[in-house]
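To keep things clear, I will list the structure first and then write my remarks on it.
Every number here is computed from the coordinates shown, using simple stated rules; none is lab data. If you're wondering where the values come from, they're calculated on a predicted model, not measured in any experiment. Because the Cβ atoms are built from the backbone with ideal geometry, glycine has one as well, and the counts that use them run over all protein chains shown.
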Amino acid sequence: MRKKLIAANWKMYKTPDLTREFFREFLPLVSGHSRDEIAVCPPDIDLVAAVEAAKGANVAVGGQNVHWKPEGAFTGETSAGMLLALGVKHVIIGHSERRQYFCETDDTVNLRLKAALEAGLTPICCIGEVLEEREAGLTDDVLRRQCVRAFHAISSKKAAKLVVAYEPVWAIGTGKTATPELAVEAHAVIRSEATEIFGEEFASKLRILYGGSVKPENAAALMAQEEIDGALVGGASLDPKSFAAIVKY
Ligand code: PEP
């Protein structure tokens, strides 16, 4: 059995005060909940407030990106060691907004992934096709290519904590959600590529999350699929009640 991971991606929303307010409301709603792993990934500026607010609770805190060098002249970046020093456990890597607006490539995703795994963080590596690729029938090829490049030169032993998020780009922040059937199909392609790269035993344990306009209204149908091992939630994770409703689906 793969334990589901429900992760919040706050993108560039909330201040430290709003972060504390979120946790004050959210934690009582999920206290005692142990079926799923829960992680909240706020902007870096809110990490200290989030870690403090979540202390002793069943909610982990994650970053939204990580650089591959331990330190250096890389303005605006954060290293794995810096995240760990704050008590951060998870990190999102290769989000489509990073790829689309900040020139993130499969190669830099691979570097960031290696650094996160090396440091003992749980990376949530995002992959997914854009609408034109889906419409051209290229989804499987795109997903396989992204996996091959992102996981290049990473051993199954090193990749033990790896989590993949299937995030069809056309479903992110658009209100369009993949049907459970479509998500399951894409997850199966990713798992089959993971089998090629890491072997069957590893692939059978690999958690593959779905992300793209997950809301309380559609979470139950998606999470009921055996192939879907959790969710990466953007917009609907900003409101404590709505995120708690997704965790409890
Ligand atoms: C995301 O940011 O990873 C995401 C899935 O966003 P949304 O839920 O808003 O589509």
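For the reader, a short list of remarks on this structure follows.
- With both labels modelled 7 Å from their Cα along Cα-to-Cβ, the MET12 to ASP107 distance reads 2.6 nm.
- For the stretch 54-106, applying the loop criterion from DSSP together with a ceiling of 13 other beta carbons within 10 Å to the trypsin sites (Lys or Arg not before Pro) yields LYS55.
- Distance between the C-alpha centres of the stretch 165-207 and the stretch 83-149: 13 Å, rounded to the whole angstrom.
- Point-to-point label distance, HIS152-GLU217, nm (Cα→Cβ direction, 7 Å offset): 4.2
- Dipole magnitude for the chain: computed about the Cα centre from +1 point charges on Lys and Arg Cβ and -1 point charges on Asp and Glu Cβ, it is near 720 debye.
- Sparsely packed loop sites in the stretch 13-50 (the trypsin sites (Lys or Arg not before Pro) outside DSSP H, G, I, E and B with at most 10 other Cβ atoms within 10 Å) comprise ARG35.
- Extension gain, ALA57 to ILE45, is 2.3 nm, computed as 0.36 nm per intervening residue step minus the present C-alpha separation.
- Relative contact order of the chain, defined on C-alpha pairs under 8 angstrom at six or more residues apart (%): 21
- Cα-based reach from LYS158 at 25 Å (exclusive), listing lysines while leaving out same-chain residues under 8 positions away: LYS3, LYS4, LYS69, LYS89, LYS114, LYS205
- Full extension of the segment from GLU181 to GLU135, taken as 0.36 nm per residue of separation minus the current Cα-Cα distance, would add 14.9 nm.
- As a size descriptor, the averaged projected area of the C-alpha convex hull of the chain was calculated at 12.2 nm².
- Of all aspartates and glutamates in the structure, the ones whose alpha carbon falls short of 13 Å from that of LYS14, not counting any fewer than 8 places away in one chain, are ASP44, ASP46, ASP239.
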